[in-house]
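Scroll down for the structure; my scribbles are underneath it.
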Amino acid sequence: MSTMDLAVIGGSGLYNFPGLENATRHAVDTPYGAASGEVVMGDFAGKRIAFLARHGESHTLPPHRVNYRANLWALHSLGARRVIGVNAVGGIRSDMGPRVIVVPDQLIDYTHGRYTSYCDVEGAEVKHIDFSEPYTGSLRQQLLAAAGKADVAVIDGGCYGATQGPRLETRAEIARMKRDGCDLVGMTGMPEAALARELALEYACLALVANFAAGCGDEAEISIEEIFAHLAAATTEVPRILAAMLKS
Ligand code: HPA
């Protein structure tokens, strides 16, 4: 039986989980290589949770170099069954401006050259997972209900477009993504979501809008300083939402 109630993968701006008590650190050896860092397990809101900084605790890994397979494998091997991915994003939809929090319900993958599956290892069983709904519906509902309880405004639903990065997108790329139906753009949502499904983990995304995507706001250019300032503000809401979820 799992003794871990929730695992959280922190994105840009979330490198450690505030308020974790009785923390233990776990360096997990995986068949896929090293995870982004040690998994920190600790008590939060009366429950045991695990935290992993997706880019490393000092943000040394760019999105295309994150070992997504090792990260999810490490969390799974420590007993995780429910995983929340916290992701910084740019907003494409006009109501998804800086500091808005979204629980997306769909995604489109524009990434390339990443390991996208556990079955591209010699001898592995070939699995064709159903991915019609890329996020676990019940976990999304728990997040939405918790946000309501914690009095944090979140938008229910939206399509996350995952780009390769690490550069931001051109205006033409964002215009194309908008035509495709994307509401948000980020660099780390895939292959994380698909790998979680391959491991039969429950998985949902908490997307923190840091900026309007290229061509969607008033600015001629996107400032990285501004991105991190907005992210810092939105990130403070994450433990509040998760505390409400764990207490329910
Ligand atoms: N594009 C891609 N990823 C992002 C952005 C963006 O504008 N902002 C934060 N993460």
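Could you list, in sequence order, all residues of region 179-208 that are small (Gly, Ala, Ser), open to solvent by 30 Å² or more (accessible area, probe 1.4 Å) and in contact with a strand residue (DSSP E or B) (Cβ under 6 Å, 6 or more places away or on another chain)? Correct list: Gly181 only. Pairs are defined by a Cβ separation below 6 Å, a sequence spacing of at least 6 or placement on different chains, a first member in region 219-243 that is closer than 25 Å to Ile84 by Cα, and a second member that is basic (Lys, Arg); the pairs so defined are His230/Arg99; Ala233/Arg99; Ala234/Arg99. Could you tell me whether region 140-158 includes any residue that is open to solvent by less than 10 Å² (accessible area, probe 1.4 Å), at pLDDT 95 or above and within 10 Å of the ligand (Cβ to nearest atom)? The answer is no, given that none of the residues of region 140-158 is open to solvent by less than 10 Å² (accessible area, probe 1.4 Å), at pLDDT 95 or above and within 10 Å of the ligand (Cβ to nearest atom).
Determine which member of the set His76, His55, His128 is more than 30 Å from Ile224 (Cα to Cα) and modelled with pLDDT of 95 or more. Don't jump to the end; show me each part of the working.
On the way: His55 fails: more than 30 Å from Ile224 (Cα to Cα); His128 fails: modelled with pLDDT of 95 or more.
Unique residue meeting the criteria: His76.
When the residues of region 96-129 are filtered to those that are in contact (Cβ under 8 Å) with a residue 40 or more places away in the chain and open to solvent by 70 Å² or more (accessible area, probe 1.4 Å), the one that is farthest from the ligand (Cβ to nearest atom) is Lys127.
When the helices (runs of 4 or more DSSP H) confined to region 179-248 are screened for residues that are away from the ligand (no atom under 16 Å from the Cβ), those reaching at least 2 such residues are found at 192-198, 237-247. Note on region 163-178: among residues that are within 9 Å of the ligand (Cβ to nearest atom), under 20 Å from Gly97 (Cβ atoms) and of a type outside the set (A, V, I, L, M), the one that is least open to solvent (accessible area, probe 1.4 Å) is Thr163.
Only one of the numbered conditions (1) within 16 Å of the ligand (Cβ to nearest atom); (2) touching a helix residue (DSSP H, G or I) at 6+ places or on another chain (Cβ under 7 Å) is not met by Leu61, and that is (2).
Scanning region 6-58 for residues that are acidic (Asp, Glu) and farther than 21 Å from Arg82 by Cβ, we see that the one that is farthest from the ligand (Cβ to nearest atom) is Asp29. Pairing residues of region 199-210 that are closer than 11 Å to Tyr135 by Cβ with residues that are among the polar types (S, T, N, Q) and within 16 Å of the ligand (Cβ to nearest atom), at Cβ distances under 8 Å and at least 6 apart in sequence or on separate chains, gives Cys205/Asn87; Leu206/Asn87; Ala207/Asn87.
List the strands (runs of 3 or more DSSP E) that sit entirely inside region 1-74 and contain at least 1 residues that are within 16 Å of the chain's Cα centre (by Cα) and crowded, with 23+ Cβ neighbours inside 10 Å.
Correct list: 6-10, 39-44, 47-53.
The values are calculated or read from the model by the stated rules, or taken from the named source; none is laboratory data. For clarity, every value in this text was computed on a predicted model and none was experimentally measured. So basically every Cβ, Gly included, is an ideal-geometry build from the backbone, and we count neighbours across all protein chains shown. What goes into the accessible areas is simple: the full protein's heavy atoms, side chains included, and nothing from ligands, DNA or RNA. Shrake-Rupley method; radii C 1.70, N 1.55, O 1.52, S 1.80 Å.
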